[in-house]
1. Within region 26-59, can you find the residues that are free of Cβ contacts under 8 Å to residues at least 40 places away in the same chain, under 29 Å from residue 96 (Cβ atoms) and more than 11 Å from the chain's Cα centre (by Cα)?
2. If you take the residues of region 42-55 that are open to solvent by less than 20 Å² (accessible area, probe 1.4 Å) and assigned to a strand (DSSP E or B), which of them is nearest to residue 16 (Cα to Cα)?
3. Mind checking whether some residue in region 96-103 is of a type in the set (Asp, Glu) and either at pLDDT 95 or above or closer than 29 Å to residue 9 by Cβ (or both)?
4. Do you know which residues across region 71-128 are small (Gly, Ala, Ser), in a strand (DSSP E or B) and touching a Pro at 6+ places or on another chain (Cβ under 7 Å)?
5. What tally of residues in region 80-91 results from selecting those that are farther than 12 Å from residue 32 by Cβ and either open to solvent by less than 50 Å² (accessible area, probe 1.4 Å) or aliphatic (A, V, I, L, M) (or both)?
6. Please go through region 13-41 and give me each residue that is open to solvent by 60 Å² or more (accessible area, probe 1.4 Å) and either within 21 Å of residue 109 (Cβ to Cβ) or not in a loop (DSSP other than H, G, I, E, B) (or both), ordered by number.
Amino acid sequence: MSEAAVELQGVIPVLRIFDVDKAKEFYLAFLGFKLDWEHRFGDNFPLYAQVSRSGALLHLSEHHGDGSPGAAVSIATLGVLDLRRELAARNYRYYKPGAEDTPDNRRSLTVLDPFGNKLIFREPGGGA
């Protein structure tokens, strides 16, 4: 197959989680993602799930070998200040994020999930 036939269509980060209830509170109730699906191989097995919001997809996994705590994910986001206002209105007791300007003059909003993963919501543009 030639390089011209190859078309990469997106990336879905796998983020390690350790507590399903805390993950749902953070990703669904606070960040406003929706739960698309969840999978377990059986009773008392680790969770593997997909959450999404707009065009962003994330996989959350309790599996030992999936992901590494402390990962960073950059999510292109239109309306970073609107997102900041939305999150502030939810009055989540564990996080009060603020927006900041990046060195390349784009707005960004960084939040840490309860498992040490960093999500950077960043206005699109520039090189990264």
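1. Narrowing region 26-59 to residues free of Cβ contacts under 8 Å to residues at least 40 places away in the same chain: 28, 33-56.
Retained after the next criterion (residues that are under 29 Å from residue 96 (Cβ atoms)): 28, 33-36, 38, 47, 49-56.
Across region 26-59, the qualifying residues are 34, 35, 36, 38, 47, 49, 54, 55.
2. Taking region 42-55 first, the residues open to solvent by less than 20 Å² (accessible area, probe 1.4 Å) are 47, 49, 51-52.
Filter again for assigned to a strand (DSSP E or B), leaving 49, 51-52.
Numbers: 49: 11, 51: 13, 52: 16 Å.
Within region 42-55, the match that is nearest to residue 16 (Cα to Cα) is 49.
3. Taking region 96-103 as the starting set, the residues that turn out to be of a type in the set (Asp, Glu) are 100-101.
Remaining after also requiring either at pLDDT 95 or above or closer than 29 Å to residue 9 by Cβ (or both): none.
Within region 96-103, not a single residue is of a type in the set (Asp, Glu) and either at pLDDT 95 or above or closer than 29 Å to residue 9 by Cβ (or both).
4. Step one: list which residues in region 71-128 are small (Gly, Ala, Ser), which gives 71-72, 74, 76, 79, 88-89, 98-99, 108, 116, 125-128.
Subsequent filtering for residues that are in a strand (DSSP E or B) retains 72, 74, 76, 99, 108.
Result: 76, single match.
5. Looking only at that region, the number is 3.
6. Within region 13-41, 21, 22, 24, 25, 29, 34, 35, 37, 38, 39 qualify.
The values are calculated or read from the model by the stated rules, or taken from the named source; none is laboratory data. Since this is a predicted model, take the numbers as computed values, not measurements. Heads up, the Cβs are rebuilt from the backbone with ideal geometry, glycines too, and the neighbour counts pull from every protein chain shown. To get the accessible areas, we keep the full protein, side chains included, count just its heavy atoms, and leave off ligands, DNA and RNA. Shrake-Rupley method; radii C 1.70, N 1.55, O 1.52, S 1.80 Å.
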